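Peer 1: Sharing a structure with you now.
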Amino acid sequence: SSSLPRSELFITTKLWNDDQGDPLAALETSLEKLKLDYVDLYLIHWPRPQQDQYVSAWRELIKLREQGLVKSIG
């Protein structure tokens, strides 16, 4: 609702630990809440190696970037 154009904003959100099994669904929820079509940066909150999902979550983040839903990942 700001008067700033979207191109003037840099929006970051995170993939929460419990959502590493479905990064797309988590991102879709974030985009809906933010009322956006994409975010500029999507981060894995914490790898949580004991869950053993961070590698597959990272691969999904790469796909989301390729689809244009996120500009950068980390």
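Peer 1: With the requirement that a residue be surrounded by 15 or more Cβ atoms within 10 Å (Cβ to Cβ), out of contact with any Leu (no Cβ under 6 Å at 6 or more places or on another chain) and either aliphatic (A, V, I, L, M) or more than 17 Å from Leu69 (Cβ to Cβ) (or both), what does segment 28-46 give you?
Peer 2: Leu31, Leu36, Val39, Leu43
Peer 1: Another question, if that's okay. Among strands (runs of 3 or more DSSP E) lying entirely in the chain, which contain 2 or more residues that are hydroxyl-bearing (Ser, Thr, Tyr)?
Peer 2: It comes to 12-15.
Peer 1: What are the residues in segment 35-55 that are more than 16 Å from Thr12 (Cα to Cα) and touching a residue at least 12 places away in the same chain (Cβ under 8 Å), if any?
Peer 2: Passing the criteria: Arg48, Gln51, Gln53, Tyr54.
Peer 1: Continuing with the same structure: When the residues of segment 14-27 are narrowed to those that are more than 19 Å from Lys71 (Cα to Cα) and among the acidic types (Asp, Glu), which ends up surrounded by the most Cβ atoms within 10 Å (Cβ to Cβ)?
Peer 2: Asp19
Peer 1: Got at least one residue in segment 6-13 being without any contact (Cβ under 8 Å) to a residue 40 or more places away in the chain, open to solvent by 60 Å² or more (accessible area, probe 1.4 Å) and polar (S, T, N, Q)?
Peer 2: Taking segment 6-13 and keeping what is without any contact (Cβ under 8 Å) to a residue 40 or more places away in the chain, we get 6-13.
Still in the list and also open to solvent by 60 Å² or more (accessible area, probe 1.4 Å): 7-10, 12.
Checking the rest, the ones that are also polar (S, T, N, Q) come to 7, 12.
Yes, segment 6-13 has at least one match.
The values are calculated or read from the model by the stated rules, or taken from the named source; none is laboratory data. For clarity, every value in this text was computed on a predicted model and none was experimentally measured. Glycine also receives a Cβ, built like all others from the backbone with ideal geometry; neighbour counts cover every protein chain displayed. For the accessible areas, the whole protein counts, side chains as well, though only heavy atoms, and no ligand, DNA or RNA atoms are used. Shrake-Rupley method; radii C 1.70, N 1.55, O 1.52, S 1.80 Å.
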